[in-house]
1. Just how far, in whole angstrom, is the stretch 36-88 from the stretch 110-161 if you go by their alpha carbon centroids?
2. From the P(r) of the stretch 1-55, can you give the percent of Cα pairs sitting at distances over 16 Å?
3. Could you please rank 48, 3, 18, placing first whichever residue has the fewest other Cβ atoms within 10 Å of its Cβ?
4. Report the convex hull volume per residue for the stretch 24-100, counting only C-alpha atoms, in Å³.
5. Restricting to Cα pairs below 8 Å that are 6+ residues apart, what does the relative contact order work out to for the stretch 1-119? Please round to a whole percent.
6. So for 147, 136, fewest C-beta neighbours within 10 Å to most, what's the order?
7. If neighbour count is taken as other Cβ atoms inside 10 Å, put 40, 165 in order from fewest to most.
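Values quoted throughout were computed directly from the atomic coordinates according to the rules given, and no laboratory measurement underlies them. In this text, all values refer to a predicted model and were calculated from it rather than measured experimentally. Positions of Cβ are backbone-derived with ideal geometry, glycine not excepted, and every protein chain shown enters the neighbour counts.
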Amino acid sequence: MAKPDPWREELETERRMKDEFMARDPESPFVSSRVPFHPLRYFAPDPKYRVRANLKRVPVPEEAYLRTNRDGQAVMRRLGDLSFTIGDRPARLSVYHAGEGVGTSVFVPFRDLTSGRESYGPGRYVTLELTEDDVYEIDFNRAFNPYCAYTDDYECGFPPAENDLPVAVRAGERVWAADRNPRTPSSVVLEQLRAGARAPARRAERGRSPRGAKRSATRARTTRGSR
């Protein structure tokens with residue numbers, strides 16, 4: 001008999017609870033926008049996408065402007081950069097704070113080589129709670145889509161070019177629907193895709209709902225901008 005895996009069980013429970021929230025809660029983008037719901041889609045849980053990272057903060061948080069799906073700008077505070085290794089490659093992602101109301105929660109928007117194909121093209125989010133030692137575990141299995149992946153009623157901030165990962169992150173939430181998956185990864189991702197295409201022989205290819213669902217929904221709301 002296989003030993004219980006608390007991490008995997010918690011992750012799968014969170015996903016079930018988020019589906020329940022999305023299908024029924026008045027604050028769900030599906031319910032509030034009257035969009036027909038079908039269960040969210042995920043990559044299979046994979047512990048290799050849990051990575052240790054160190055945050056190097058900037059001396060003073062910087063005002064940052066993230067492009068949105070409405071050709072606007074979401075105003076954030078950039079706190080610094082997370083450094084880590086993924087797929088045997090060093091990587092870095094900028095960390096943002098969305099302002100009052102989110103406490104010590106920060107979000108990390110990113111794109112990767114699955115963007116615009118298996119995952120939502122404009123990008124996904126992961127969130128973290130700030131710590132005193134600035135050492136973190138980034139669990140990409142908990143990466144989630146912004147609300148604009150489901151309906152145009154929401155405005156969402158997208159990752160800047162420096163938050164493109166030159167690897168395929170097959171973890172977390174997948175694209176919800178093929179007709180809502182614009183192929184808009186930035187030049188960094190496109191360059192990696194072209195490089196892979198040139199070498200086929202070597203190609204290996206962020207209320208009242210349950211705790212897990214509420215956490216995921218709150219993460220999405222902190223970065224969704226306005227309706």
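1. Answer, in whole Å: 5.
2. Across the stretch 1-55, Cα pairs with separations above 16 Å total 58 percent.
3. 3, 48, 18
4. 173
5. It comes to 14 percent, rounded to a whole number.
6. Least to most surrounded, the residues fall as 136, 147.
7. Ranking 40, 165 by Cβ neighbours within 10 Å, fewest first, gives 40, 165.
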